[in-house]
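> Take this structure, written in structure tokens, and hold onto it; I'll ask about it next.
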2 protein chains.
Amino acid sequence: MSEQTKYLLDERDIPEHWYNITADMPNKPLPPLHPATHEPIGPEALAPLFPMELIKQEVSAEPWIEIPDEVRDIYRLWRPTPLFRARRLEQVLDTPAKIYYKYEGVSPAGSHKPNTAVPQAYYNKQEGVKRITTETGAGQWGSALAFACNLFGMECEIYMVKISYEQKPYRKMMMNAWGASVYASPSDRTNAGRQILAQDPDSPGSLGIAISEAVEIAATNDDAKYSLGSVLNHVLLHQTVIGQEALKQMELAGDFPDIVIAPFGGGSNFAGISFPFLRHKLTQGKKLRAIAVEPTSCPKLTRGVFRYDFGDTVGMTPLLPMYTLGHTFVPAKIHAGGLRYHGAGVIVSQLLKDGIIEAAAVDQIETFEAGVLFAKAEGIIPAPEANHGIAQAIREAQIAKEEGVSKTILFNLCGHGNFDMASYEAYFAGRLQKHEMTQAEIDAAVALIDTPAIPG
Amino acid sequence: MSEQTKYLLDERDIPEHWYNITADMPNKPLPPLHPATHEPIGPEALAPLFPMELIKQEVSAEPWIEIPDEVRDIYRLWRPTPLFRARRLEQVLDTPAKIYYKYEGVSPAGSHKPNTAVPQAYYNKQEGVKRITTETGAGQWGSALAFACNLFGMECEIYMVKISYEQKPYRKMMMNAWGASVYASPSDRTNAGRQILAQDPDSPGSLGIAISEAVEIAATNDDAKYSLGSVLNHVLLHQTVIGQEALKQMELAGDFPDIVIAPFGGGSNFAGISFPFLRHKLTQGKKLRAIAVEPTSCPKLTRGVFRYDFGDTVGMTPLLPMYTLGHTFVPAKIHAGGLRYHGAGVIVSQLLKDGIIEAAAVDQIETFEAGVLFAKAEGIIPAPEANHGIAQAIREAQIAKEEGVSKTILFNLCGHGNFDMASYEAYFAGRLQKHEMTQAEIDAAVALIDTPAIPG
């Protein structure tokens, strides 16, 4: 056999703490503002929606936050996840670069999302919550939360964008198998849903509407809270188990990455793999490029503006300082549904603003080309979201080849594509379109933003 | 954290040999007979369909057969697979039994099938074969062979039962993603297919017809060979990597199973997990129950007859000494498509005849109850085939509870259910039926068998 391909850790190596990068950031994130008064808000404003322990994590300045034993106990069902050296991909690309990938698709739900779904369910359970509501688009997040709630014997109520509900029945059935209730949104269960249905009984739904429904249920029922799968600080925090493990595994490989890459929707995937490596950059001056990869159809990092904006479409959340295309921006219907979000999480936005990380945008056709090349070389068929990271890794490997230098590239393979085969079919059949936005389109989207600018 | 849950091995622990149980069997399997003359046939009769190295393995009396480096190199993409202690399931069952499971769903194709698809593709490649043909029903085997052929740059031509082709488009797309050609069978590409279509243009197809098509292409094209995913000795041989790893992992757990359990279709899953443990029973007198679990709708092991029969429906293969319900028997359309096969592989049949192993039958409703219980406890949603092993493990754990004795139970979780969610939906909706065969139905099926009896 040739040299080592796969780096495994023992379950005793599951991290004991999550890493909170805000502790090491040179410029701390700005505070959220009240949507009406535009005054900074405190943690108590979030109490109707989230349990207190998660709110504490949301605003914590501590660098390390202990992972409860009960959570680590469940992490063991799939963690530590493997780290692979992509030797076959390197051969196909004929590159001097060394390419590694961390594979999060081994979780029962098939992606990195359970890393945060499990602690979120745990803290809610601790505080007596009986029911968690959430929205889901493509279904990755809904599946993860259904899986987590089931393990703690809690009810899980999921508002799934109606068009996905109809087009992705397998995802819905997976959530049902773990005991979750899944409703096509808009539904007749909420005021928000009923209003939309009154206007348009055939509404295909949207993530914005589904969020409104899930939030309404949580806000109006004492036994229920709401849960989010990305964007917020505590969500990014929980994902840092990925990078901490990868750091140990790269040590086993005798290597440290020059470049860390991950797809970017709201930030949890990117934060998960990159923050533990960025810690070495921030605290020890280690050289490292961390690249967040977004679709060209939703380029908030590469072409958006840095200002206060709402986290949701209808404007119910606090105002957050973020790179955004505007909370009413509706991205093209690309197949990487998990990346169709108008804004970037607050921490990642500040890191980008400060030049600590980089961003890149890739068109979906390039991402599927990359995904198929990867599947043929390495075996695993990736989720469309994951293909964005692969496409950027291939770009960097090709640059390394042109420059004739060896570089070490690490990317996060955040999930498998078992529930996304129809997207591959569309790609093979030539039915996918490029979605490069014109400058006029960007300008038009940004011009609609009426929320406060960032001070200074 | 509580005690250890997951037992991992390093990639250096991937077995270096396959274990050939025939070397240790007290009664060797009887030879296959020529379908027309009923005389024993030699290996050369198989040469039109299989490469010589696989034929040698098919008839080998050596206990250990070396695994080529190129095959072990590919195994590393997912092997060694994890062994889990099912602590949460034990708790739910409130049993004194210790339950372990080996999880083969981590392979890129999602089941144990690549363990043999990879060496089969490898030996074909070595002997200059350009194209491999096969049939697939539910799609697990077709996916595995598509994955394997792609890695060796070979063409893969898959005849997929038409009704599955239409009902399981995701499986077809997965094979396409790895570059395989997939045809709905009956097709107009073969004489066999055209004959069927002439009689019935709307034929839904059957595994028997699909085998005929795949075999015809291989037999009539010099550059093509045929490949089978179960039943044959060399296929069972390749799967013994599962049990060899499990043996080491049970050692790490400081345990040895009292009972080893696996689902049973043609025998490859059961052989894979059990043969390396049975070696200790055969050569050292170690106490061990090995239980093959079949559906009540296809009970060849528990209610069939031991005699010569054809491996395929139309009667093209050599006659094999097997437990069978008759090669024309058509099992009810249960959701565990991979277990709908009329006969049992030759080695397993002889072991059952000699009382070295046991068999049990479980109805599909019990299997889905077991699968859902498992998914809720352990997280992973299993394939319908895998649910048969789980159901039997639960039965044994309940007996242990009634008897108040601790037993160690090991089962093979052969694959995940990501492509089988429609079956879970049917179960939840109450649309599944029991399929217990009456004695009259068994008698009628067996009465149709016109092939030679076993001598003596």
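> So which residue of B has the beta-carbon closest to the axis that swings B onto A, and how many whole Å away?
It is B:N418, 2, counting Cβ atoms only.
> To one decimal in nm, how far is A:N221 from the same spot in the other copies, if labels go 7 Å from Cα toward Cβ? Please give the shortest first.
Here the equivalent label points are 5.7 nm apart from this one.
> Would you jot down the residues in segment A:344-393 that end up with at least 50 Å² less accessible area in the complete protein assembly than in the chain alone, with a 1.4 Å probe?
A:K376, A:G379, A:I381
> Taking the Cβ of B:Y165 as the center, what net charge do the other residues with Cβ under 12 Å away carry, scoring Lys and Arg +1 and Asp and Glu -1?
+2
> Here is a further query. Using the heavy atoms of the protein chains and a 1.4 angstrom probe, tell me the accessible area per residue for segment B:313-456 in square angstrom.
Value returned for segment B:313-456: 36 Å² of accessible area per residue.
> If you don't mind, there's one more thing I want to ask. Over segment A:251-376, calculate the relative contact order: mean separation of alpha carbon pairs under 8 Å at least 6 apart, over the residue count, as a percent.
Relative contact order, segment A:251-376: 26 percent.
> Modelled label-to-label distance, A:K56 and B:K130, 7 Å Cα→beta-carbon offset: nm?
Once both label points are built, they end up 6.9 nm from each other.
> Between A:R12 and A:S181, 0.36 nm times their residue separation minus their Cα-Cα distance comes to what?
Using 0.36 nm per residue and subtracting the Cα-Cα distance, I get 57.4 nm.
> Then there is this: So how far apart, in nm, are the two label points at A:R289 and A:I454 if each is 7 Å from Cα heading toward Cβ?
With each label placed 7 Å out from Cα toward Cβ, I get 2.2 nm.
> Trypsin sites (Lys or Arg not before Pro) within segment A:63-163: which are DSSP loop residues with at most 15 other Cβ atoms inside 10 Å?
Sparse-neighbourhood loop trypsin sites (Lys or Arg not before Pro): A:K130.
> A follow-up question, please. Which is the longest part of chain A that has none of the GluC sites (Glu not before Pro) sitting in a DSSP loop with at most 16 other Cβ atoms within 10 Å?
For GluC sites (Glu not before Pro) (loop position, at most 16 other Cβ atoms within 10 Å), the longest site-free span of chain A is A:128-435.
> Still on this structure: Of all the accessible heavy-atom surface of the protein assembly as shown, with the other protein chains kept in place and a 1.4 Å probe, what percent is carbon and sulfur?
50 percent
> Antiparallel DSSP bridges in segment A:72-197: what percent, to the nearest 5?
Here the antiparallel bridges make up roughly 20 percent for segment A:72-197.
> With n ≥ 4 as the cut-off for DSSP H runs, can you work out [θ] at 222 nm for the protein assembly as shown, using -39500 (n - 2.57) per run divided by the number of residues, rounded to the nearest 500?
Helix contribution divided over all residues of the protein assembly as shown: -12000 deg cm²/dmol.
> Segment A:326-409: which trypsin sites (Lys or Arg not before Pro) are DSSP loop and have at most 13 other beta-carbon atoms within 10 angstrom?
Passing both the DSSP loop test and the Cβ count: A:K333.
> Go through segment A:371-381 residue by residue and turn each phi into a ³J(HN,Hα) via Karplus (6.51, -1.76, 1.60, θ = phi - 60°); whole Hz please, and just put x for glycine and proline.
After applying 6.51 cos²θ - 1.76 cosθ + 1.60, I find x, 6, 4, 5, 4, 6, 7, 9, x, 6, 8 Hz.
> Could you give the Stokes-Einstein D for the protein assembly as shown in µm² per second, using the C-alpha Kirkwood radius, 4 °C, 1.567 mPa s?
Reported coefficient: 45 µm²/s.
> Can you tell me the FRET efficiency between B:K28 and B:E402 if r is taken as the Cβ-Cβ distance and R0 is 35 Å, rounded to the nearest 0.05?
For B:K28 and B:E402, the calculated efficiency is 0.35.
> So, R0 is 60 Å and r is the distance between the beta-carbons of A:D222 and B:E44; what FRET efficiency does that work out to, to 0.05?
It comes out at approximately 0.15.
> Points 7 angstrom from Cα along the Cβ direction at A:E66 and B:F428: gap in nanometres?
3.8 nm
> Please calculate the 1.4 Å probe accessible area of A:D73, with all protein chains present, and give it to the nearest 10 Å².
Accessible area, nearest 10 Å²: 40 Å².
> For the protein assembly as shown, what proportion of DSSP beta bridges, expressed in % and rounded to the nearest 5, is antiparallel?
Here the antiparallel bridges make up roughly 35 percent for the protein assembly as shown.
> Follow-up. Using alpha-carbon positions, what is the distance between the centroids of segment A:34-66 and segment B:273-299, in Å?
57 Å
> For label points placed 7 Å from Cα toward Cβ, what is the shortest-first list of nm distances from B:K401 to its copies?
Copy-to-copy label distances for B:K401: 5.8 nm.
> Okay, next question. Please report, for B:G128, the nm distances (one decimal) from its label point, 7 Å out from Cα along the beta-carbon direction, to the equivalent points in the remaining copies, shortest first.
8.0
> Just the number, please: buried accessible area between A and B, total of both chains, 1.4 angstrom probe, nearest 100 square angstrom.
Counting protein atoms only, the buried area is about 4700 Å².
> If you take every residue apart from A:A360 with its C-beta less than 13 Å away from the C-beta of A:A360, what net charge results, scoring Lys and Arg +1 and Asp and Glu -1?
-1
The values are calculated or read from the model by the stated rules, or taken from the named source; none is laboratory data. As the structure is a prediction and not an experimental result, all values here were calculated from the model. No Cβ is skipped: glycine too gets one built from the backbone with ideal geometry, and neighbour counts run over all protein chains shown. Side chains included, ligands, DNA and RNA excluded: accessible areas come from the protein's heavy atoms. Shrake-Rupley method; radii C 1.70, N 1.55, O 1.52, S 1.80 Å.
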